[in-house]
Amino acid sequence: MPALFDHYVIVDWSAANQPRTGRDSIWICHKGPHGETCDNPATRYGAKHRLAEILASIGPRERVVVGFDFPFGYPRGFAARLGLSGTPWRSVWDEIARLVEDGNDNRNNRFAVGAELNRRVSGGRFPFWGCPAGFAHDFLGPVHHRGHAAETLAEKRLIDCWMVGAQPCWKLAYTGSVGSQVLTGLPVVRALLADPRWTGRARVWPFETGLSLPEDVGIVFAEVWPSWWKACGKLGPPNDKAQVRTVASIFAARDRTGELGAWFSPPFDPAEEERVVTEEAWTLGVMAPRRSAASVKSTKITHPVGDADPSFSSNAGERRPYTYLREPAAIYRRSFEIIRKQADLDRFPRALRPLAVRLAHAVGDTSILDDLAWSAKAVAAGRHALSVGAPILVDGAMLAAGISRDRLPAKNDVVCTLHDPTVLNAAADLGTTRSAAAVELWRPSLAGAVVAIGNAPTALFRLLELLQAGAPQPALVLGFPVGFVGAAEAKAALIEFGAVEYIALRGRRGGSALAAAAVNALAAPGR
């Protein structure tokens, strides 16, 4: 599966009130086709311009994910408490950008903005807190107000509750002052999003994309939390530099293995989706709540530094616990929810949609559905044939093994003739492949059968030749042969044949898993 992105940019932010480099300052790691760069601009003004340069250098057909290490949203209800109208996240972003003044030298008014927002929300020192000793204000206090329960505005977002150690976005001062990073960071992301040089190509995840990754999006802005992964110390110092380099490498590595795409559809309770995509946002890469370290037994490992996935401890030699969904029914349910969100199923007849979902699930890729082809009565013909006990003729043992026998409505026979002792000599006599020769043995069972071809293009070509010569007609042909030679042509011939019901996947892609998934979907469409 090709990578989703060509470039990975990770930004460690700082709300410092003066220019600063080194530790506790802004670090930007850009990992792309031509290697890696790591910048340490002294000001937010410089960081914005450096990020704009990186985005401007990316080709029109390339894709980039840009991760910022501060929250993109506030707990549910904040926009309403401010009296803002419209989509909550956007109205909050617009209001913060209007209020925050941030000079080229990093001097800013974030504490005054926090006080003003408190005044509007509560008329007191809630919900923001934390300020320097010299900042005295009626609407902002130096210590935590402990007022969230009484004021019915949560201290943390849903995602913050999943991440052990995440600081609340209301905290404006002291260690982990996430709130100040949000106030100074959101205006920068907003300005980059609005840059006319990439208008129409840039989106904020999940606010503008939903819980998916639309194909027409070239630039994706998302929040990340580098501390979710253990930084590889050899990629620093300081630790801030090591963190952005580590996370950029993790993103690139997970993209190559196909895992990154799933991160755009995190498995939280679907009932919380509106809360996440309109107001609170989510942290990219967090796929399950993290357990406390005390509940996990560590395992000693070794791990190389470089382009490999550095998601392990580089100091203590301990591996982080894997976080993943374990319950089978929940995995299937969430998988199908993701597919239905990412795939435009309305383009298919209603009867075909369960089969389309099963195909996408079989290969973890909704894009294959763009190549799906079918005849008008294919699904009805296949279901009826199976219901009356028709045999299923397959071109390979792997395909036969992939068919769920307990789903077959009439204990249908699954017939694979590839290993019949006569096939090898027949192939030699005919000057063809064993797969094509094995099709000759289907003749007695062809009438009204369901034929599933998931491997050899020659088997599909030979079947069509037999039908042209007057062989009994099957009820349905599932055409999913795979390969660089003949696969696309064989499926095109099936589609153009005109005398048999079919479901096929245009092009080179196919395989036993897809053909078996099609049979299983026809056998039990509701499962």
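Does region 426-438 contain any residue that is touching a residue at least 40 places away in the same chain (Cβ under 8 Å) and either surrounded by fewer than 22 Cβ atoms within 10 Å (Cβ to Cβ) or under 32 Å from the mean Cα position of the chain (by Cα) (or both)? Among the residues of region 426-438, not one is touching a residue at least 40 places away in the same chain (Cβ under 8 Å) and either surrounded by fewer than 22 Cβ atoms within 10 Å (Cβ to Cβ) or under 32 Å from the mean Cα position of the chain (by Cα) (or both), which makes the answer no. The residue that is farthest from the chain's Cα centre (by Cα), among those in region 74-115 that are farther than 16 Å from F128 by Cα and of a type in the set (S, T, Y), is S85.
Taking the listed residues V519, V500, the one that is crowded, with 24+ Cβ neighbours inside 10 Å, among the hydrophobic types (A, V, I, L, M, F, W, C) and touching a strand residue (DSSP E or B) at 6+ places or on another chain (Cβ under 7 Å) is V519, with no other qualifying.
When F68, F78, F72 are screened for being touching a strand residue (DSSP E or B) at 6+ places or on another chain (Cβ under 7 Å) and more than 25 Å from G233 (Cα to Cα), only F72 passes. In region 232-276, of all residues being among the hydroxyl-bearing types (S, T, Y) and either within 19 Å of the chain's Cα centre (by Cα) or more than 17 Å from W27 (Cα to Cα) (or both), the one that is surrounded by the most Cβ atoms within 10 Å (Cβ to Cβ) corresponds to S249. For region 209-220, does any single residue satisfy the condition of being farther than 30 Å from N108 by Cα and not in a loop (DSSP other than H, G, I, E, B)? No, every residue in region 209-220 fails to be farther than 30 Å from N108 by Cα and not in a loop (DSSP other than H, G, I, E, B). So which pairs qualify, if the first residue must be in region 66-82 and among the small types (G, A, S), the second must be modelled with pLDDT of 95 or more and not in a loop (DSSP other than H, G, I, E, B), the Cβ gap must be under 6 Å, and the two must be at least 6 apart or on different chains? Cβ pairs passing all conditions: G67/I10; G67/A222; G73/W89; G73/E279; G73/E280; A79/P88; A79/S91; A79/V92.
The residues on offer are A351, A378, A343, and the sole one that is in contact with a strand residue (DSSP E or B) (Cβ under 7 Å, 6 or more places away or on another chain), among the small types (G, A, S) and either closer than 28 Å to V451 by Cβ or in the same structural domain as P474 (by TED's automatic domain parsing) (or both) is A378.
Within region 15-52, the set of residues being over 13 Å from D102 (Cβ atoms) and either aromatic (F, W, Y) or not assigned by TED's automatic domain parsing to the domain that holds V247 (or both) comprises just one member, W27. Looking at F480, is it in contact (Cβ under 8 Å) with a residue 12 or more places away in the chain, aromatic (F, W, Y) and either in contact with a Pro (Cβ under 7 Å, 6 or more places away or on another chain) or farther than 25 Å from L408 by Cα (or both)? So F480 does not fit the description; no.
Confirm whether G46 is over 20 Å from the mean Cα position of the chain (by Cα), farther than 29 Å from E215 by Cβ and either at pLDDT 95 or above or not hydrophobic (A, V, I, L, M, F, W, C) (or both). Considered against the rule, which asks whether it is over 20 Å from the mean Cα position of the chain (by Cα), farther than 29 Å from E215 by Cβ and either at pLDDT 95 or above or not hydrophobic (A, V, I, L, M, F, W, C) (or both), G46 comes out as yes.
With respect to the conditions (1) part of a strand (DSSP E or B); (2) within 30 Å of H361 (Cβ to Cβ), F5 falls short on a single one, namely (1).
For A459, are the conditions met, namely being touching a residue at least 60 places away in the same chain (Cβ under 8 Å), touching a strand residue (DSSP E or B) at 6+ places or on another chain (Cβ under 9 Å) and crowded, with 24+ Cβ neighbours inside 10 Å? So A459 fits the description; yes. Just so you know, in region 173-194 the residues that are among the small types (G, A, S) and surrounded by fewer than 23 Cβ atoms within 10 Å (Cβ to Cβ) include one that is nearest to A133 (Cα to Cα), and it is A173.
What is the residue count in region 223-239 for residues that are touching a Ser or Thr at 6+ places or on another chain (Cβ under 8 Å) and either outside any helix (DSSP H, G or I) or within 24 Å of L192 (Cβ to Cβ) (or both)? Total meeting the criteria: 9.
The selection criterion, being assigned by TED's automatic domain parsing to the domain that holds V277, touching a residue at least 12 places away in the same chain (Cβ under 8 Å), in contact with a Phe, Trp or Tyr (Cβ under 7 Å, 6 or more places away or on another chain) and not charged (D, E, K, R), holds for L193. The single residue among A248, A242, A252 that is in a helix (DSSP H, G or I), closer than 24 Å to V182 by Cα and touching a strand residue (DSSP E or B) at 6+ places or on another chain (Cβ under 8 Å) turns out to be A248.
The values are calculated or read from the model by the stated rules, or taken from the named source; none is laboratory data. What you see is a predicted model, and the numbers here were worked out from it, not measured in a lab. Glycine also receives a Cβ, built like all others from the backbone with ideal geometry; neighbour counts cover every protein chain displayed.
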